[in-house]
Amino acid sequence: MNTSDANWIQFLGFALAAITPICGAILWHVNSEKKKYGAQRDFNHLRRNIEQLTTSISYQTGELEKQFEKLERDILDIKMYLNMKSLSDRSKGHD
């Protein structure tokens with residue numbers, strides 16, 4: 001092996017030793033950007049899910065309020081019917 005071949009091999013070894021950390025740094029940066037993007041995406045999904053849950057709960061609350069109002073009216077109607085029947089029965093008893 002002559003001197004130029006040895007120099008060439010040394011240069012290739014040095015180039016490989018210099019390029020490896022640079023490639024590692026680039027891969028580390030790419031992976032950290034992927035993780036950051038993934039975390040942001042997960043956070044946005046969670047935020048949207050919470051917004052949807054809030055909307056659903058609000059809707060359900062409104063529907064329950066409507067049902068309670070209807071039940072309240074029905075109970076009032078039943079009370080009025082029972083009171084009228086009671087008054088009617090009393091007036092029949094006095095005749």
key: Segment R48-Q67, length gained on full extension (0.36 nm per residue, minus Cα span)   = 4.0 nm
inquiry  = I want the local charge near F43. Using Cβ-Cβ distances under 13 Å, sum +1 for each Lys or Arg and -1 for each Asp or Glu among the other residues.
reply    = +3
ask   = In degrees from 0 to 90, rounded to the nearest 10, what is the angle of the helix 3-94 Cα long axis to the longest principal axis of the chain?
value = 0
request  = State the extension gain, in nm to one decimal, for the chain segment bounded by D5 and A39, taking 0.36 nm per residue of separation less the distance between their alpha-carbons.
outcome  = 7.2 nm
query = In nm, to one decimal, how far is the modelled label at I75 from the one at W28, with both set 7 Å along Cα→Cβ?
reply = 6.8
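Determine the calculated [θ] at 222 nm for the chain from helices alone, applying -39500 (n - 2.57) to every DSSP H run no shorter than 4 residues and normalising by the residue count; nearest 500 deg cm²/dmol.
Values: 1 runs with 92 residues, N = 95.
Computed ellipticity for the chain at 222 nm equals -37000 deg cm²/dmol.
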ask   = Any idea how many Lys pairs in the chain come in under 25 angstrom at the alpha carbon, given 8 or more places apart or on separate chains?
value = 4
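No lab work stands behind these numbers, since they all come straight from the coordinates. As the structure is a computational prediction, the values presented were derived from the model and not from experiment. Ideal geometry is used to build each Cβ from the backbone, glycine not excepted, and the neighbour counts take in all protein chains shown.
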